[in-house]
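Please read the structure below before turning to the comments.
Derivation of every value follows stated rules applied to the coordinates shown; laboratory data play no part. Values in this document were obtained by computation on a predicted structure and should not be read as measured data. Cβ placement follows ideal geometry from the backbone for every residue including glycine, while neighbour counts extend to all protein chains displayed.
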């Protein structure tokens, strides 16, 4: 007997209001992402607003805090303050800091963003795998003077992402330039556990119900 096809999870990022949270949940999103103020890219929202929105999110929807903190203690404090259940670490940090989060905030899930700049990122799998619950592959740049920590609207090399998924024992989310037009190809190529996007379902910076519906339909049919 063949195994049933696995459903691709969807995380809608850059949530900035209760209305956007409700729209994403009603459309079928599995997770919501909140961009904290110390972060490059679009969609900033302050901690008080994040906490207020998260307090109304029903289970089992996951709530991700995109944190640019580089120490485990600061990440854990930030996660607890905002009331989220998942910390998304947007820069390549020392894995020992993730171990600190595990002790300081044991109920908070840990997701490490990997900025896919080339096949060398495959070497990061064994470095981070023991310390995280999932990976998220994005199109930014880690470190240096031109750091980009997400929200670029660009795709990256999906062949590298596909190999990352194949080698990782942890679930992998795919992000970076995803839209209703390309998500089907992205899923068929990479076969991620889940997908994550911000600008691809927005118009004028606001979550667009029509684009969101089109995206969800494309994911379901991929």
Fill in the blank from the handout: Going fewest to most other Cβ atoms within 10 Å around each Cβ, 216, 75 line up as 216, 75
Practice task
For residue 217 and residue 169, calculate 0.36 nm times their separation in residues minus their Cα-Cα distance, and state this gained length in nm to one decimal.
Solution key: 14.5 nm
Problem - Stretchable slack from residue 55 to residue 208, in nm (0.36 nm times residue separation minus alpha-carbon distance) - result: 52.8 nm
Practice task
Can you give me the three principal axis dimensions of segment 9-221 from its C-alpha atoms, in Å, biggest first?
Solution key: 42, 39, 33
Practice task
Indicate, rounded to the nearest 5 percent, the antiparallel portion of the DSSP beta bridges found entirely in segment 9-221.
Solution key: 10
Problem - Over segment 9-221, relative contact order from alpha-carbon pairs under 8 Å, at least 6 apart, % - result: 17
Exercise for the section: Between residue 154 and residue 96, with labels modelled 7 Å along Cα→Cβ, what's the label distance in nm to one decimal, could you check? Expected result: 3.2
Practice task
At 7 Å along the Cα-to-beta-carbon direction for both residue 133 and residue 46, put a label point, then send me their distance in nm to one decimal.
Solution key: 2.9
